[in-house]
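Below you'll find the structure, written out as structure tokens, and then a few comments.
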Amino acid sequence: MGQTITCTRCGAKFAVARDRCPKCRTLVERVDLAAAAAQSRRMAKIAGAIVGGFALVVGGLWLMRDPEPRSNGAATTTAADPLAARRQAARPADATEAPPANAERPFLDAADKGAISYSAGDYAGALARLEDAVKQNPKDAESLSNLGQVLVRMHRTAEAIPHFERACALNPDRWAYRFNLARALGLLQRWDEAIASYRQAQTLFPDDYATTFNLALTMHKKGDDAGAVAEYKKAIAQNPGEASFRMALAISYEGLKQNSEAAGQYSEYLRLSPLAGDAEKVRAKIAQLTGAPANPATPPAAPGQ
């Protein structure tokens, strides 16, 4: 039976090769080491060397992910990143049974040791091991991209860019490398370059709503709300049940002074997420945009009740 992972949102189990959960469609963080878990020679060595430690290594590989802007594949913005919660890396089921991250494992090469260090939160150790892996094999695109990811985690994003660019040059058809580069550029507020990289990622994975949403969010941050609206609409078509996409679209409509359209999207947000913590503020916003009184969350009781 093939290796499986558990969805961090709904708990469904599915094959590691899938890009998203088949039940709730949550995007699986695109991690360069994910491919290695199924294909690389390093995993073959690990499986042959130790059976009991296999789950730990696979867990480490899957934890080697970003993510984010949330950001995102997004960073801080007026519109919240609805994907941020999905970028939370799942910890092993029982971390107390795992050997220490710095335990000697002579059957692992530098890249694998870097993955385990990363999964344990030892970013400095992961950095050193991945730098060693790249030094040993400068054409190892996965290690280059993962090195970039570690640097982003360590808030050294500018240093990560050349590694992402090198990974993209070595494997221009790999979506994850291009997405990681775009997100890092966005974190540095290099909007035009980030947009261009997201568009390239979009051509490699046109139906991915995370890529489309992050592209739209980056365009919004740049000040191109008209372009953002077009991309938000694509993301909504790809994932119509995501309430936060409606919120982001409404904000861009407001930026364009299209109040009626903004109110409509705020209303859709409430329809999809009626118990949202900001529901009352959204109702007040709708009233402000339409000139109508805000509808209360619950109708007032009739006299005598």
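Bear in mind that the values in this text are calculations on the coordinates, not laboratory data. Given the structure is predicted, the values throughout are model-derived calculations rather than measurements. As a convention, Cβ positions derive from the backbone with ideal geometry for all residues, glycine included, and neighbour counts pool all protein chains shown.
Computed from label points 7 Å out along Cα-Cβ, the spacing between Asp192 and Leu170 is 3.0 nm.
Pairs exceeding a 31 Å alpha-carbon distance, out of Lys139/Lys233; Lys139/Lys234; Lys234/Lys285; Lys233/Lys281; Lys135/Lys222; Lys139/Lys222: Lys139/Lys233; Lys139/Lys234; Lys135/Lys222; Lys139/Lys222. As a proxy for reagent exposure, Met154, Met247 were ordered by neighbouring Cβ count within 10 angstrom, fewest first; the result is Met154, Met247.
As a rough footprinting exposure proxy, the listed residues His155, His163 were ranked by other beta carbons within 10 Å of their own, and the order from fewest upward is His155, His163.
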